[in-house]
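A short worksheet on the structure shown next.
The values are calculated or read from the model by the stated rules, or taken from the named source; none is laboratory data. A quick note: this is a predicted structure, and the numbers were derived from the prediction, not measured. FYI the Cβ positions are ideal-geometry reconstructions off the backbone, even for glycines, and counts take in every protein chain you see. The protein model used for the area step is the full one, side chains on, heavy atoms only, and it has no ligands, DNA or RNA in it. Shrake-Rupley method; radii C 1.70, N 1.55, O 1.52, S 1.80 Å.
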Amino acid sequence: IKKIGILTSGGDAPGMNAAIRGVVRTALGEGLEVFGIRDGYQGLYENRIERLNRYSVSDMINRGGTFLGSARFPQFKEEATRLTAIGNLRKNEIDALVVIGGDGSYMGAMRLTEEGFPCVGIPGTIDNDVAGTDYTIGYFTALSTVVEAIDRLRDTSSSHQRISVIEVMGRHCGDLTLSAAIAGGCEFIVIPEVEFKREDLINEIKQGFAKGKKHAIVAVTEHMCDVNELAAEIEAAVKHETRATILGHIQRGGSPVPYDRILASRMGEYAVQLLLQGFGGRCVGIQNEKMVHHDIIDAIENMKRPFNQELFDTAKHLF
Ligand code: ADP
């Protein structure tokens with residue numbers, strides 16, 4: 001291969017820039033040309049492709065978001081759209097594509113690979129919900145942001161003896177909520193991997209207050225329920241002022257923490273090495289601190305992220 005393309009797709013995550021930098025610097029060092037594609041699959045479809053040089057990624061290691069831009073582009077699920085995209089890649093004489101994104105973006109990369117264009121996926125999402133890797137780029141930065149928010153809520157919630165319900169991102173993965181709840185000393189955790197009954201939650205909060213607790217923080221993964229409704233229900237049952245806070249997109253922003261920068265740099269470098277070794281249709285991961293790669297189709301269709309039950313059980317003992 002002589003020329004590679006790179007794009008970021010789906011929800012942005014801190015560390016995506018560091019990953020792009022890792023890919024660009026490694027590829028240029030290996031004598032490849034690198035082309036940046038704007039706004040994910042949308043820019044690929046619209047042929048918004050430009051050549052990158054080593055200075056294109058200067059001062060990027062510490063920047064949140066993605067300088068290439070990202071987009072949700074549902075039309076990419078249609079074959080005709082993807083064929084146009086492949087046509088654009090071929091017109092630019094690009095031989096392989098690096099896709100940085102979450103599992104939705106992996107689906108796109110899987111389809112392109114099946115249709116004859118080799119892609120390598122790098123997991124970039126704060127949700128940590130991608131198979132084949134222990135951690136995704138952006139997760140540890142988001143974790144630190146969520147914990148900081150919980151600390152702030154704790155101050156005010158303890159001063160006012162109030163119950164706080166905090167909604168954390170993660171799509172259908174409870175990792176961010178669970179880890180943030182442990183680090184933030186939350187009393188209750190509601191995550192998709194563990195069945196939850198409102199009555200149990202309310203009873204536990206009541207028991208906490210009976211034991212002499214002065215306030216409580218409940219961490220809930222998004223899409224589990226309407227947190228404002230839950231807060232009203234808790235307030236009515238426990239007879240303590242209860243407020244819900246939805247952290248929202250705050251969790252996606254900010255300068256990446258060192259771990260994410262290092263992870264992104266390693267993954268970017270590794271993705272290029274895979275392409276140079278002739279691998280296509282792979283996704284990059286870190287497992288037990290080592291870089292690994294898996295078949296992207298297998299990762300999407302067959303590999304399930306293991307749930308850390310032990311961590312959840314530990315959390316239960318800390319309330
Ligand atoms: P993430 O990559 O963060 O999971 P999305 O699920 O929104 O985010 O996916 C990002 C983009 O990937 C979508 O907007 C679409 O362009 C592309 N994509 C998602 N699913 C598919 C699919 N089944 N086939 C082709 N492309 C897809």
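For the reader, a short list of remarks on this structure follows.
- Using the Cα coordinates of the stretch 198-319, the gyration tensor eigenvalues translate into equivalent-ellipsoid semi-axes of 42, 16, 15 Å, sorted from longest to shortest.
- Computed over the stretch 64-214: relative contact order in percent, which uses C-alpha pairs under 8 Å that are six or more apart: 14
- Calculated P(r) tail over 16 Å for the stretch 88-177, as whole % of Cα pairs: 63
- Value of D in µm² per second that Stokes-Einstein yields for the stretch 126-265, Kirkwood Rh from Cα pairs, at 37 °C (0.692 mPa s): 214
- Net charge contributed by nearby residues that have their C-beta within less than 11 Å of S58 (K/R +1, D/E -1): +3
- Only lysines eight or more places from K91 in sequence, or on another chain, were considered; those with a Cα closer than 19 Å are K2, K3.
- Think of each Lys and Arg Cβ as +1 and each Asp and Glu Cβ as -1; about the Cα centre, that makes the dipole of the chain roughly 760 debye.
- Per residue value of the accessible surface for the stretch 272-319 (all protein chains in place, 1.4 Å probe), Å²: 61
- FRET efficiency for the pair Q273 and D298, taken as 1/(1 + (r/R0)^6) with r the Cβ-Cβ distance and R0 = 30 Å, rounds to 0.90.
- Formal net charge of residues neighbouring G31 (Cβ-Cβ distance under 12 Å; K, R +1; D, E -1): 0
- Overall form of the stretch 249-310 per C-alpha gyration tensor (a/c, 1.5; a/b vs b/c): oblate
- For the chain, the longest principal axis of the alpha carbon atoms and the long axis of helix 139-159 meet at an angle near 20°.
- Estimated at 0.36 nm per residue, the fully extended path between K290 and A80 surpasses their Cα-Cα distance by 71.8 nm.
- Using a cutoff of 8 angstrom between alpha carbon atoms and counting only pairs six or more residues apart, the relative contact order for the chain works out to 23 percent.
- Accessible area per residue for the stretch 63-114, computed on protein heavy atoms with a 1.4 Å probe, is 43 Å².
- Nearest-ten-degree value, helix 258-276 long axis tilted from longest Cα axis of the chain: 30
- Accessible area of the stretch 98-192 belonging to carbon and sulfur atoms, whole % at 1.4 Å probe: 45
- Gyration tensor (Cα) of the chain, equivalent ellipsoid semi-axes in angstrom: 41, 18, 17
- For the listed peptides 197-205, 136-144, a ranking on the average number of other beta carbons within 10 Å per residue, highest first, reads 136-144, 197-205.
- For the chain, adding -39500 (n - 2.57) for each run of n ≥ 4 DSSP H residues and dividing by the number of residues yields -13000 deg cm²/dmol at 222 nm.
- Summing charges over neighbours of Q273, with a neighbour being any other residue whose Cβ is under 12 Å away from its Cβ, gives 0 when K and R count +1 and D and E count -1.
- Shape of the stretch 1-101, Cα gyration tensor, a/c cut at 1.5: oblate
- Zone of D151's modelled label, taken as backbone nitrogen in the stretch 182-198 under 19 Å from a point 7 Å along Cα→Cβ: 182-187
- Normalising the average separation of contacting C-alpha pairs (under 8 angstrom, six or more residues apart) by the number of residues puts the relative contact order of the stretch 108-161 at 20 percent.
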